[in-house]
Structures are given as C-alpha cells and as structure tokens.
1. Limited to the range 198-238, what total is found for residues that are of a type outside the set (Lys, Arg) and in a loop (DSSP other than H, G, I, E, B)?
2. If you take the residues of the range 36-49 that are within 27 Å of THR70 (Cα to Cα) and among the hydrophobic types (A, V, I, L, M, F, W, C), which of them is farthest from ligand 1 (Cβ to nearest atom)?
3. Starting from the range 191-218, take each residue that is within 17 Å of LEU247 (Cα to Cα) and assigned by TED's automatic domain parsing to the domain that holds ALA181 and list its partners that are in a helix (DSSP H, G or I) and among the charged types (D, E, K, R), counting only C-beta distances under 6 angstrom and pairs at least six apart or across chains.
4. Within the range 136-146, does at least one residue satisfy the condition of being over 29 Å from GLU103 (Cβ atoms) and in contact (Cβ under 8 Å) with a residue 24 or more places away in the chain?
5. Return the residues of the range 15-55 that are within 17 Å of ARG272 (Cβ to Cβ) and among the aromatic types (Phe, Trp, Tyr); say none if nothing qualifies.
6. Do you know which residues across the range 135-194 are at pLDDT below 90, surrounded by 16 or more Cβ atoms within 10 Å (Cβ to Cβ) and of a type in the set (Lys, Arg)?
7. Could you grab the pairs with beta carbons closer than 6 Å, sequence gap of 6+ or different chains, first residue in the range 169-184 and without any contact (Cβ under 8 Å) to a residue 40 or more places away in the chain and closer than 14 Å to GLU211 by Cβ, second one outside any helix (DSSP H, G or I) and of a type in the set (Lys, Arg)?
Amino acid sequence: MSYKIGLVGKPSVGKSSFFNAATMNDVPEGAYPFTTIDPSVGEAYVRVECAAPEFDETCTPSVGYCDDGTRFVPVQLVDVAGLIPGAHEGKGLGNQFLSDLNEADVLVHVVDFSGETDAEGEATEGHDPREDIDFLEAELEMWYLEILEKGIERYHSGYHGDEGDIEAELATQMDAFRTNADEIKQVVLSQGLDLDPDMWTDEDKASLAREIRKRTKPIVVAANKMDKPAARENYDEITSDPEYDHLTVVPVSAHAEKALKQADEAGVVEYRPGDADFDLVGDVAGTRDGPAPSGDASRLVNVSEEQVEGLERIREFTAAFEGTGVQRALETALFDELGVVAVFPGSANGSASEKGVFRDCFLLPDGSTTEDFAYHIHSDIGDGLLHGIDCRAERQIGGDHELSDRDVVELITTS
Ligand SMILES: Nc1nc2c(ncn2[C@@H]2O[C@H](COP(=O)(O)OP(=O)(O)OP(=O)(O)O)[C@@H](O)[C@H]2O)c(=O)[nH]1
Ligand SMILES: [Mg+2]
C-alpha cells in the first residue's frame, strides 16, 4: 500500500533515465521516441530525517534503509510510455498510457528543458519547453473532461431511476481518480457553480475538469537535462515567467544521478542520494599506485583522469542546484504536492529494548489523525484505540488529533 509516483511526459525527455537513476533498474533508454512501451514499476525512496537519534535510539528499518540519520522510505515509481498530443483520442499509445497513469497518486512531469526534442520526441533545436508543459496539462484535462461529460450524460439518462445528485453521479464516473461526491461538490461550489449541470457552459465544464485534475493528479515539473547549457537558459526564463508561477519546477539531471550512483557502487565515490556533494574515494590514477598501504586491507578502485573530470563537472552541477534533483523531484511530489506526512511509531517510556521501536516510518495522507494512523497499522489497533502519546512532547493526544510530519506516536489500545 505504498504511494505511487508516475513519471509522465512526451517521448525522449528522459523518463526511463530518471526511473533508472531513482530505482537503479535497467529499463531501456534511447534517443528515439517510444523506447518505452510497457510500463515498469520500481522501488524508489523518499528521504525522511530519522527520529531515532533524538531518542538516543538506533533504528533497524523494516523497509528501505537508514544512512547516517536519513531514512530512505520506499515509494513506487512508474515509468510509462511517452505521451503525444491527441493521446486522449488514442494517438500514440494514448489510452493505454492514460490508464497506466490512473494508478499514480501524483505525477512528475519530466520535461526536456534543453529544447532538443520536438513535440513527438524527435531531435530538434530551440523547442520551447513551455509548449510541453502546456500540452500535458491540456491533454490530461481533455481526458478528465470526457469522463466528466459521460457522468453528466448518465445523470440525464436517469439510469438510476429518479435523478440522483450530480456530485454522486460524477463521483461514480470518476471513481478511478479516487475522488468522492464530497470533493466533487466542493469543486463545483468553489468554481461558483450550482449543483445543476444544465446551468454549466462548456467553459464551466472545462474548468471543473481542470480543477478535479489538479486535486486528484497534482503535477511537479522535473526540468530534465539541466546538465546542458540550453536547458539552464530555458530554466531561468521559465522560472521567471509569471505565467508559470503556479508550477513547481525542480531542476534535474537524471544523467548526473545515475553517474553518481554507479560511481558509488563501483567504489569511486561515496554518494548518498539527494546530497549536494560527494567524496572521491577511489585511487586517482598515479597518485596511490602500488600495493595498498600496510594495514589497509581494502584495495582502492582506480579512477582515470577522465572520470575525475566528469565527476568534477557533476560536482559543479550538484553544488549549483543542491543535488541532481532526482530525490528532490520525488519528495516535492509526495510531501509538498500531496502533503504526505511521515510518522514513526514510538514508545513513550523510551525503552530501547522494546522490539519494534523505530523499525517503521509510515507515510500517511495529508490530514491524518491518530485514529487514521492506528487503522493504517491494523484494523484491530484502530478498533481498540484509547488514545495516542506524542513521544516528543510526552503528552497524550486524542484519536482525532491531526498528525504532523515526523511525529513520533505511541498508540495505546485496550488490548
Ligand atoms: N544530457 C542529458 N540527456 C539525458 C538525460 N536524461 C535522459 N537523457 C537522454 O535523453 C534520451 C531519452 O531518454 P529516455 O530515458 O529513453 O527517455 P523517455 O522519456 O523514457 O523516452 P520514451 O520511452 O521514448 O518515451 C536518451 O538519449 C538519454 O540518454 C539527462 O539528464 N541529461
Ligand atoms: Mg522510456
């Protein structure tokens, strides 16, 4: 039941490269459109500052891992086929693509900020990434609009005997988007509309579709290929364009992330994903030649001058943009756009011996309460919940208390 983040965008923008960099998978990447046809799902991680050190505890994560005080909590990442204009009418891999997307809680829109691929993913120069940003939003909205219109049709057909509430009908039709009648009603009213589809103009319907899309499929833009100079120019221009103020744009180099992870695995550098810097630990050619110093059992990996140069270029990038952006894009999507909170089950009396302390770090939806947390762990715990204890403040919290990010909570139950 982990969160699912979907990578979307036109062909050749680097979705698979981002996916491989984040998950260390090896799905095909290619400088030609539709390299990917079938979606891949892999395990990526979001970082959460571990709470164990604050309680003088050590942690043994049940899932993911902890690296020097930073928890890497698993999420699912989905790499799908490229989307081209007209997908909602079935163009390209249109409909299949859209249903793959339905599974995702939030989207990372990978955009080629270098402008070196056209709308269909073919090589070009000087393509404006703004077109890509606009087209994805438009395409998703048209898809939503079609479904909304089907809901209105059903409502009119009186299929369910007497005409029910329009919000209930639309919620049924849009069930796959994980929305509900309450939310639909809120959206309708927030647009200043009546709960009567006969009063809605085409424009009203479009704005409803847009609003429901925003709520059910929030998007973060990953400005990819930022290692290219043309991408940086576009990035500066677009992030200072007031028309795009509504977007969160994270500068990314999927290539840099992958190179650093590979170098880390090879023992050339020490790199913790998401960090703005890394250490060169391999043996730079010539400098430490000969047998390893006595007492040092580990043999250093040889690193060529060329590799060092490449790594130093990456270092310039990660210093300028505070990392490669891959981790940041995922975390912005989950924590900022979806408002997910990370919660640690704790023990108020701090008994280090108690098994299970700081094993888990749960990701819960925005607005979750102590009771939601209890039910998330197990229905029996939810049913038997008396109250919670905020382990940091050492005070009791009620079942309806709204939890904050990185709360450490002990659940007190009847059993
Ligand atoms: N310079 C640079 N090139 C990149 C980066 N990420 C991806 N690329 C290149 O962009 C091209 C397309 O990459 P893919 O990952 O296959 O793109 P995709 O979006 O999955 O493409 P489809 O599966 O066809 O939709 C490849 O030649 C990659 O090497 C990056 O961060 N920097
Ligand atoms: Mg691909």
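1. Result for the range 198-238: 5.
2. VAL48
3. Once the first residue is within 17 Å of LEU247 (Cα to Cα) and assigned by TED's automatic domain parsing to the domain that holds ALA181 and sits in the range 191-218, its partners that are in a helix (DSSP H, G or I) and among the charged types (D, E, K, R) give ARG210/GLU141; ARG213/GLU141; PRO218/GLU337.
4. Checking the range 136-146: not a single residue is over 29 Å from GLU103 (Cβ atoms) and in contact (Cβ under 8 Å) with a residue 24 or more places away in the chain.
5. The one that is within 17 Å of ARG272 (Cβ to Cβ) and among the aromatic types (Phe, Trp, Tyr): TYR45.
6. ARG154
7. Nothing qualifies.
Okay, residues lined up against (1) within 23 Å of GLU257 (Cα to Cα); (2) in contact (Cβ under 8 Å) with a residue 12 or more places away in the chain; (3) of a type in the set (Lys, Arg):
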{"position": "MET24", "(1), (2), (3)": "yes, yes, no"}
{"position": "TYR32", "(1), (2), (3)": "yes, yes, no"}
{"position": "ILE37", "(1), (2), (3)": "no, yes, no"}
{"position": "VAL48", "(1), (2), (3)": "yes, yes, no"}
{"position": "ALA51", "(1), (2), (3)": "no, yes, no"}
{"position": "GLU54", "(1), (2), (3)": "no, yes, no"}
{"position": "THR58", "(1), (2), (3)": "no, yes, no"}
{"position": "ARG71", "(1), (2), (3)": "yes, yes, yes"}
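The values are calculated or read from the model by the stated rules, or taken from the named source; none is laboratory data. Everything quoted here is computed from the prediction, not taken from an experiment. Cβ coordinates were reconstructed from backbone atoms using ideal geometry, including for glycine residues, and neighbour counts include every protein chain displayed.
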